[in-house]
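All remarks here apply to the structure that follows.
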Amino acid sequence: MSQHVVIVGGGIAGLATAYFLQKEATAQGLDITLTLVEREAQLGGKIVTDIAGEFVVEGGPDSFITQKPWALQLCRELGLADRLIGTNDMQRSVYVLRNGRLRKMPDGMLLIVPTRFMPFVTSDLLSWRAKLRMGLDLFIRPRRDPADESLANFIRRRLGQEALDVLAEPMMAGIHVADPETLSLQATFPRFVEIERRYGSLTRGMIAARRVARANGRDARTTTFMTLRGGLQELVGALAHTIRAEIRLGTRVTRLAATPAGGYRLLLDDSVMLEADAVVLATPAYVSADLLRHTAPELATKLDAIRYVSTATVSLGYNADEFEHPLDGFGFVVPRHEQARLLACTWTSTKFPQRAAPGTVLLRAFVGGPRREGLVALDDDALVGLVREELRAIMGVSARPTLARVFRWHRSNPQYEVGHLDRVDEIEALAPTGLYLTGSAYRGVGIPDCVRQGQETAAAVARYLAGQYVSRILPSEDMTHHAD
Ligand SMILES: Cc1cc2nc3c(=O)[nH]c(=O)nc-3n(C[C@H](O)[C@H](O)[C@H](O)COP(=O)(O)OP(=O)(O)OC[C@H]3O[C@@H](n4cnc5c(N)ncnc54)[C@H](O)[C@@H]3O)c2cc1C
């Protein structure tokens, strides 16, 4: 008899789980039927692409990192290889707002670590004091304590306060829309922990990493970030096309209960009841907590401890001949000590020229985050007005946009606080048999990590169901006999 798996949440993690579970079932000869329940009217979760005339506007993620290979591999596996596009690395500079002015990150920076001497020492981004302090990284002894620490602590220790304020906070904590003072280093930048342990210095480790990358001669077509020509929604579309599951859109799971037979019963908001042999919750941690409040209260409390913050993206399109500022980079980031109300702004039509027609410009500003969450509640006109004011102050742009799109992301960014990985270990240990938690709340927020988690969850579900199947067809005595 077929075994039934219900996946709750049709974001990238839920979709990847469904896709890989289907593959596992085929490979292992398991008879599994799948139901995927998604609250919204469309699949994709945070992945939302809006094709607005000749602009390709991403509401949530705009690309994925290729050093973590899982998203890239999945795109290729789904036949999307010729849809992949890389960044325009001819103009890959990033600017940082410093004392109200945009200043270029020096060439040769690997994330925030200088690997080339001259561009770094001649840059006007950091003071002399800060540069000298960053140089001390070569001599400061590595930390031996294996306990987790905050990103801020780590950067202050190795590179100093100014490197934290001007570089690490907007560039690294910014990726996680998080406060560096509480952000877990081990959960977000484990590579830095490893580099310090191995090389005793970030600078030495990054220079070595650069040499290895050069020696390996990376495929020139694979840039650090990649995306799909028609937007990341193409990945969602390809997954939806490939997955053989009953997909229930516009439907919310409202209750979850364990059954005496060892399975689960899920109540949907259209009053339908689903019976499942296994359940995957690919929902935000606070949604999973609500669903598990009665079945697994201790687990629910742990899930509640994962905090979220809200953000909004505001995309503006312009005619290039009315646009007053050069766009020779991927955009700029805003350190928290600056007066500006933006977190960052991507110069989308430079980073991915295919996102806008020739003769037009597309920008995307980020608003909200841990210090200015209230701004997300502004209405569309107010948010667009705010972004325009900021762009006027920072870039001198007064041109009138021909396009404006606002996307609000309430409680969207999970905060990986110090000790996060221990918390996730505890969460996984508390999950009842046959129930799985996956997605951006746990072991990586980026799309590649969500794909990997979906793949790992699918393998775990398949193992569980294979075991269930054996124990169901063989009475327990026979099992003992077999084990002998
Ligand atoms: C503005 C923004 C920009 C980002 N940029 C990037 C980027 O450039 N690159 C990158 O790699 N990552 C980026 N990220 C992060 C990445 O997009 C997300 O971490 C990832 O898409 C989350 O996937 P997920 O499947 O875990 O969760 P989600 O996409 O949140 O999916 C969860 C799904 O569960 C559904 N759901 C919730 N409750 C219920 C219920 N009760 N019943 C049924 N369904 C329910 C939701 O509707 C949702 O579809 C960005 C995130 C944001 C917000």
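Considering only the stretch 141-153, I want to know if a residue exists there that is closer than 23 Å to Phe332 by Cα and either at pLDDT 95 or above or touching an Asp or Glu at 6+ places or on another chain (Cβ under 9 Å) (or both). Yes, the conditions are met somewhere in the stretch 141-153.
Could you please tell me which pairs satisfy a Cβ distance under 9 Å, a separation of 6+ or placement on different chains, a first residue in the stretch 54-65 that is surrounded by 24 or more Cβ atoms within 10 Å (Cβ to Cβ) and in a strand (DSSP E or B), and a second residue that is modelled with pLDDT of 95 or more and of a type in the set (Lys, Arg)? That search, which allows pairs on different chains as well, returns Val56/Arg229; Val56/Arg355; Val57/Arg355; Val57/Arg364; Val57/Arg405; Glu58/Arg355; Glu58/Arg364. Identification of strands (runs of 3 or more DSSP E) wholly contained in the stretch 164-283 with 2 or more residues that are in contact (Cβ under 8 Å) with a residue 40 or more places away in the chain, in the same structural domain as Gln455 (by TED's automatic domain parsing) and not aliphatic (A, V, I, L, M) yields 246-248. All conditions in (1) within 16 Å of the ligand (Cβ to nearest atom); (2) more than 22 Å from the chain's Cα centre (by Cα); (3) over 21 Å from Leu267 (Cβ atoms) hold for Ala27, with the sole exception of (1).
Among the residues that make up the stretch 89-104, is at least one of them among the charged types (D, E, K, R), under 19 Å from Gly331 (Cα atoms) and touching a Lys or Arg at 6+ places or on another chain (Cβ under 7 Å)? The answer is no, given that none of the residues of the stretch 89-104 is among the charged types (D, E, K, R), under 19 Å from Gly331 (Cα atoms) and touching a Lys or Arg at 6+ places or on another chain (Cβ under 7 Å).
So which of Pro61, Pro69 ends up being more than 9 Å from the ligand (Cβ to nearest atom), closer than 27 Å to Thr224 by Cα, outside the structural domain of Gly454 (by TED's automatic domain parsing) and at pLDDT 95 or above?
Pro69
Among the numbered conditions (1) part of a loop (DSSP other than H, G, I, E, B); (2) within 30 Å of Pro284 (Cβ to Cβ); (3) more than 15 Å from the ligand (Cβ to nearest atom), the only one that Glu298 does not meet is (1). Exactly one residue out of Arg405, Arg392 is outside the structural domain of Gly11 (by TED's automatic domain parsing) and within 16 Å of the ligand (Cβ to nearest atom): that is Arg405. The residues of the stretch 417-448 that are within 16 Å of Leu185 (Cα to Cα) and within 16 Å of the ligand (Cβ to nearest atom), listed by number, are His420, Val424, Ala441, Tyr442, Arg443, Gly444, Val445, Gly446.
The values are calculated or read from the model by the stated rules, or taken from the named source; none is laboratory data. Since the structure is predicted, the reported quantities are computational estimates derived from the model, not experimental observations. A quick note on method: Cβ atoms are made from the backbone with ideal geometry, for glycine too, and the neighbour counts reach across all protein chains shown.
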